[in-house]
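Everything below concerns the one structure shown next.
Any read-out appearing in this document is the output of simple, stated calculations on the displayed coordinates, not a laboratory observation. As the structure is a prediction and not an experimental result, all values here were calculated from the model. Here the Cβ positions follow ideal geometry from the backbone for every residue, glycine too, while neighbour counts run over all protein chains shown.
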Amino acid sequence: MKHVIIAGYHGALATAITGAVDILALAGVSWQRMMDSPPEPAFKVWVASSDGLAVRCLNGLEISARMSFDQVMQSPHFKQHLLAVLVPTIGGPIEHTLSRNQDILSLLRWANDQNAMVIGNCTGNFFLAEAGLLNGKTATTHWGYKALFEQRYPKVKLRAEQLITEDQNIYCAGGGLAWFDLGVHIIEKELGYEAALQTAKAFVIDYRRDSQLSYSLSRLAIQHHDDVIANIQAYLDDHYADIKSLEALALKFNISKRTLIRRFKAALHMTPNTYLQQIRIEVAQKLLAETQYSAEQIMNRVGYEDMSSFRRLFRKQAGSTPAEYRKRFAKRL
């Protein structure tokens with residue numbers, strides 16, 4: 001039987017530990033039980049910690065560990081039968097948690113040397129990057145920490161819009177509860193499509209979600225000191241549907257179009273058109289979720305006139321069509 005080690009640490013997100021344990025330890029088992037077949041676990045899942053003692057998660061829940069990281073690395077059995085080491089989501093302050101849990105880095109490098117899967121969930125991927133295992137590789141993390149991740153680890157090919165990334169033996173998932181996407185993905189890699197599909201059905205979860213875009217907020221606050229751009233942002237937030245051209249917008253604030261674009265890029269790392277598009281699509285998302293307006297009515301309310309262009313822009317930013325987005329997020333009456 002193959003073994004999976006969950007690297008426990010103080011301040012982790014509890015569900016990212018217990019959820020990963022459940023979905024991997026019960027891979028195939030739940031389905032077999034429902035089919036009245038003898039359960040045959042595919043994986044043995046262990047929680048380890050730096051000292052082999054319980055870890056206190058962000059919510060105060062204590063989770064027992066079965067062994068220390070050193071015991072894992074010194075065990076010939078684990079060296080022979082190890083499938084993966086998984087780092088769960090960082091629940092507390094990221095930089096503080098990283099500095100207090102440096103022992104995890106040795107475990108990850110050891111697992112990588114064994115050619116085992118090295119897996120990070122959500123902000124747990126900061127540990128993989130801290131260990132140097134993501135340099136030159138494609139990875140993801142929670143969409144809300146994209147800027148911090150890029151700042152700390154410029155050598156990583158970050159794809160924060162993706163829910164799951166795979167690069168050689170390195171697997172990353174974005175989102176605190178993406179452990180179930182990650183678990184099903186690992187099950188498919190090791191046991192095949194049917195086992196993964198059965199597990200997803202047994203746990204009643206969506207299978208093969210591939211994007212974080214439907215959940216992200218594109219316009220996370222970016223701190224800058226350009227008062228003119230701040231005023232333009234405030235204007236766009238209120239008049240997004242009325243903007244007809246950048247020339248008119250620049251004229252309103254007594255600057256040239258060229259200066260508008262240059263200062264916008266310097267302050268916000270995007271063009272005015274991109275910012276405006278993000279506002280419009282986010283408003284459209286809100287209207288799809290909270291109102292009964294048709295897609296065409298919403299398109300007109302946010303400032304678009306062509307439905308095909310609206311759908312294309314919506315899919316690019318939200319990761320789904322307007323109809324799919326409404327089906328997933330609309331208020332239930």
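Legend: residue pairs LYS44/LYS137; LYS146/LYS316; LYS155/LYS257; LYS79/LYS189; LYS146/LYS252; LYS157/LYS316, Cα-Cα distance threshold 23 Å; pairs beyond threshold, LYS44/LYS137; LYS155/LYS257; LYS146/LYS252. Extension gain, GLN114-TYR235: 0.36 nm per intervening residue step, less the Cα-Cα distance, totals 38.0 nm.
So, R0 is 30 Å and r is the distance between the beta-carbons of GLN71 and LEU191; what FRET efficiency does that work out to, to 0.05?
Calculated transfer efficiency: 0.65.
Counting every pair of alpha carbons in the stretch 232-333, the share spaced more than 22 Å apart comes to 34 percent.
Normalised by 2.2 N^0.38 Å, where N is the number of residues, the C-alpha radius of gyration of the stretch 150-207 stands at 1.28. Length gained on full extension, ALA330 to GLU166, computed as 0.36 nm times the residue gap minus the Cα-Cα distance: 55.9 nm.
FRET efficiency for the LYS244 to MET307 pair, using the beta carbon distance and R₀ = 22 Å, is estimated at 0.70. Ranked for footprinting exposure by Cβ neighbours inside 10 Å, fewest first, CYS122, CYS172 give CYS122, CYS172. Debye-formula intensities of the chain, expressed as log10 I(q)/I(0) at q = 0.08, 0.13 Å⁻¹, are -0.47, -1.01 (one equal scatterer per alpha-carbon, no solvent). 3J(HN,Hα) along the stretch 232-245, derived from phi through the Karplus expression 6.51 cos²θ - 1.76 cosθ + 1.60 where θ = phi - 60°, amounts to 5, 4, 4, 5, 5, 4, 9, 10, 4, 7, 9, 6, 9, 7 Hz, with x in place of Gly and Pro. With the helix formula -39500 (n - 2.57) applied to DSSP H stretches of n ≥ 4, the chain reaches a computed 222 nm mean residue ellipticity of -14500 deg cm²/dmol. Packing, as the average of other Cβ atoms within 10 Å across residues, places the peptides 16-26, 281-291 in the order 16-26, 281-291, highest first.
Placing dummy labels 7 Å off each Cα toward the beta-carbon, the span from ASN59 to HIS225 is 4.2 nm. Structural size metrics of the stretch 1-142, computed from C-alpha coordinates, are Rg and Dmax of 15.1, 48 Å. Take the Cα of THR291, step 7 Å toward its Cβ, do the same at THR271, and the gap between the two points is 2.8 nm.
Spin-label model, GLU150 to SER256: label points 7 Å out along the Cα-to-beta-carbon direction sit 2.8 nm apart.
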